[in-house]
Amino acid sequence: DVKVTQSSRYLVKRTGEKVFLECVQDMDHENMFWYRQDPGLGLRLIYFSYDVKMKEKGDIPEGYSVSREKKERFSLILESASTNQTSMYLCASSTVGGVQPQHFGDGTRLSIL
Amino acid sequence: AQRVTQPEKLLSVFKGAPVELKCNYSYSGSPELFWYVQYSRQRLQLLLRHISRESIKGFTADLNKGETSFHLKKPFAQEEDSAMYYCALSGGSGNTGKLIFGQGTTLQVKP
């Protein structure tokens, strides 16, 4: 069974802090994704990566960056956290070979004070 | 532009009643469509995909290219079906696996 693990379930940070959200998958998946989930807006893609050191912007990349130094790990970075980045963050992974479903982590509920 | 629309934020039905969660999409090519479900305090998980033409937990969904719809249906709702449901479209090129999600519909099944 695919396991996507996010390092924290809940996180509270202050405005202006640099925040790191970590995600690890154990199925050797090539693709990894970061979404934020907000009521009424669904899931919006922040960034995705289809290989080590490769990244592409999603729909709402502003204020975020990512890092993929190893295949199993995909980090989301909030360069200078702001209150409008308070949200639920979901990490997902998928393999290649046609269109494959994505497997999700439990999510990190991030509050920026 | 690629877009997925779920017009209902909340759908409330009684146990045993039929359920239809609506999903409309906008995409110029041949779409791949999915339904994901998130039960309370659980992770988001795949419910079904149109290419499989399967029934999962009594749910089915048929792709209607003429109406650009992929509605999720179940003839008799159960209380355990209460959850958030997302429709998702894959329309990216290559194998990036990028998905576009709808806004989600909360299904509430009352006893």
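Are any residues in the range A:83-108 of a type in the set (Ser, Thr, Tyr), farther than 30 Å from B:Ser30 by Cβ and in contact with a Gly (Cβ under 7 Å, 6 or more places away or on another chain), and if so, which ones?
If the condition is that a residue be of a type in the set (Ser, Thr, Tyr), farther than 30 Å from B:Ser30 by Cβ and in contact with a Gly (Cβ under 7 Å, 6 or more places away or on another chain), then A:Tyr89 is the only one that fits.
Counting just the residues of the range B:50-62 that are surrounded by fewer than 21 Cβ atoms within 10 Å (Cβ to Cβ) and in a strand (DSSP E or B), which one comes out nearest to the other protein chains (Cβ to nearest Cβ)?
B:Ile56
Keeping to the range B:1-49, report how many residues are part of a strand (DSSP E or B), closer than 30 Å to A:Ser8 by Cβ and touching a residue at least 24 places away in the same chain (Cβ under 8 Å).
Adding up the residues that qualify gives 8.
Given the criteria part of a loop (DSSP other than H, G, I, E, B) and polar (S, T, N, Q), does B:Gln108 qualify? Before the answer, list the steps.
Values: part of a loop (DSSP other than H, G, I, E, B): no; polar (S, T, N, Q): yes.
So B:Gln108 fails the test.
Can you pull out every residue in the range B:21-49 that is within 13 Å of another protein chain (Cβ to nearest Cβ), exposed (fewer than 15 other Cβ atoms within 10 Å of the Cβ) and under 13 Å from B:Leu89 (Cβ atoms)?
Those that are within 13 Å of another protein chain (Cβ to nearest Cβ), exposed (fewer than 15 other Cβ atoms within 10 Å of the Cβ) and under 13 Å from B:Leu89 (Cβ atoms): B:Gly29, B:Ser30.
Being away from every other protein chain (no Cβ under 12 Å) and among the basic types (Lys, Arg) is the requirement here; does A:Lys57 meet it?
When the stated conditions are applied, A:Lys57 does not pass them.
Results for (1) part of a strand (DSSP E or B); (2) farther than 30 Å from B:Leu11 by Cβ; (3) of a type in the set (Val, Ile, Thr), shown as yes or no for each residue.
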residue	(1), (2), (3)
A:Glu17	no, yes, no
A:His29	no, yes, no
A:Gln37	yes, no, no
A:Asp51	no, yes, no
A:Ser65	yes, yes, no
A:Ala81	no, yes, no
A:Tyr89	yes, no, no
A:Ala92	yes, no, no
A:Ser111	yes, no, no
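Any residue at all in the range A:28-44 that is surrounded by fewer than 21 Cβ atoms within 10 Å (Cβ to Cβ), free of Cβ contacts under 8 Å to residues at least 40 places away in the same chain and within 11 Å of the chain's Cα centre (by Cα)?
Checked against the condition, which is being surrounded by fewer than 21 Cβ atoms within 10 Å (Cβ to Cβ), free of Cβ contacts under 8 Å to residues at least 40 places away in the same chain and within 11 Å of the chain's Cα centre (by Cα), the range A:28-44 yields at least one hit.
Is it the case that the range B:73-89 has a residue that's in contact with a helix residue (DSSP H, G or I) (Cβ under 9 Å, 6 or more places away or on another chain), at the interface with chain A (Cβ under 10 Å from one of its Cβ atoms) and assigned to a strand (DSSP E or B)?
no
Throughout, read-outs are computed from the coordinates displayed, never taken from laboratory work. Since the model is a prediction, treat every value here as computed from it, not as a measurement. Positions of Cβ are generated from backbone atoms using ideal geometry, with glycine treated the same way; all protein chains shown enter the neighbour counts.
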